[in-house]
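J.: Please see the structure below; I have some questions.
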Amino acid sequence: MVLKGRLGLETSRVPHADRFGLMWLERGKLAVESGNLVFTTAGTDQLEAGAYEIPLQQVSNILMGPGGVISHDALRILARQQTGLLAVGSRGVRLYAVSMPTGPDRSGLARKQAQLWADTESKKAVIKRMYAFRFEGGLPDYAHDIDSLRGMEGKRVKKVYKRLADQYGVEWSGRRYDRQNPDQNDTVNKAINHAATATYAASQIAVAVTGAIPQLGFIHESSGRAFALDIADLFRTSVMLPIAFRATKNHKKSQNIKIESQARMQAGKTFQKENVIPKMIEQIKVIINGDDNSNNS
């Protein structure tokens, strides 16, 4: 996704629908040289040392990770080309800031989300769709109300806890979280908390780059990032909990590394290897657009 050599910048703007979605950069400087956007890095495990010209018109959003520095001129060019910039943790385990000059160049997805959220019946339909994603074969006929869906989900997640505990050889005595005393939780519960934070950050990134409205959640409501919580929950058993149990298993072998660090490392590896954020982006489009995966203006 990062091309070495002189590309130059055209004056016309490429629609976001025709661009690559995300470009990940870290441990380097993003600046303007001879009118072009250039990223200079000493090298990472993903990118050799050198200077790389960024084809920013072919990218919708740049995710700037740890060790990244950006110049004022670079911000100006990104804004002119309507390319978003997000300051993130390593491999997307945190979201610190979002710079979206005018947001996505189409408003269709946000308007559709608002319409679905505002209508009671369509909102219920979306909630059922979100729960259906979690169950293979869809929901049973008797799952009509939200309370029954929550009950079914609770039972499903309990089974996943037990399965993962057996799979990774982790002692499991139930999910516990003391908000007043989070450090009093056992290791695996701490790992779940840290994995949840990382997965939530990934979903925030996905919500931001799609131009969805974070406040308009369907299952979650009170949080200012309610929709991101909705999306993170869709990946609870497939991404978040496996991260936590793997981190706990590794912590038993290397207790000199804090469980938070273990969870963040596992999260970063998982997000990259399994393309979690792109999957979240696609899930958002399916949830809002249904079978129609377009994002018309």
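What follows is calculated from the coordinates using simple rules that are stated; it is not laboratory data. Being a predicted model, the structure only gives us computed values, none of them experimental. Here the Cβ positions follow ideal geometry from the backbone for every residue, glycine too, while neighbour counts run over all protein chains shown.
J.: Expected output is a single nm value to one decimal: the length gained when fully extending between Arg163 and Gln58, i.e. 0.36 nm times separation in residues minus the C-alpha distance. What is it? List each step's numbers first, then the result.
T.: Details: separation 105, 0.36 × 105 = 37.80 nm, distance 4.29 nm.
In short, 33.5 nm is gained.
J.: Under a 5 Å amide H to amide H cut-off, with H placed in plane at 1.01 Å, what residues pair with Glu33 once short-range neighbours are removed?
T.: Close amide H contacts, sequence-distant or interchain: Val38.
J.: Taking R0 as 25 Å, what FRET efficiency do you get between Gln115 and Glu221 from their Cβ-Cβ distance, rounded to the nearest 0.05?
T.: On the way: r = 17 Å, r/R0 = 0.68.
For Gln115 and Glu221, the calculated efficiency is 0.90.
J.: Please work out the Cα convex hull volume for the stretch 16-99 and give it in Å³ per residue.
T.: 88 Å³
J.: Still on this model: Using 0.36 nm per residue, how much length does the chain from Ala132 to Glu171 gain when fully extended, once their Cα-Cα distance is taken away?
T.: Extra length from Ala132 to Glu171 when fully extended: 11.0 nm.
J.: Distance check, please: which entries in Lys123/Lys159; Lys249/Lys269; Lys159/Lys253; Lys190/Lys253 exceed 22 angstrom between their Cα atoms? Can you show the working numbers first?
T.: Details: Lys123/Lys159 28 Å; Lys249/Lys269 15 Å; Lys159/Lys253 26 Å; Lys190/Lys253 17 Å.
As for pairs spanning more than 22 Å Cα to Cα, those are Lys123/Lys159; Lys159/Lys253.
J.: Just to verify a number: FRET efficiency for Gln272 and Ala125, C-beta to C-beta distance, R0 = 35 Å, to 0.05?
T.: FRET efficiency, Gln272 to Ala125: 0.55.
J.: Now, a different point. Calculate one ³J(HN,Hα) per residue across the stretch 203-208 by plugging θ = phi - 60° into the Karplus curve 6.51 cos²θ - 1.76 cosθ + 1.60, and present them in order as whole Hz with x for glycine and proline.
T.: 5, 4, 4, 4, 5, 5
J.: At Ser254 and Glu33, where each label point lies 7 Å from the Cα along Cα→Cβ, what is the point-to-point distance in nanometres?
T.: 3.5 nm
J.: Next question. Quick one: which residues, 5+ away or cross-chain, put their amide H under 5 Å from the amide H of Gly28? H built at 1.01 Å from N.
T.: Gly68, Val69
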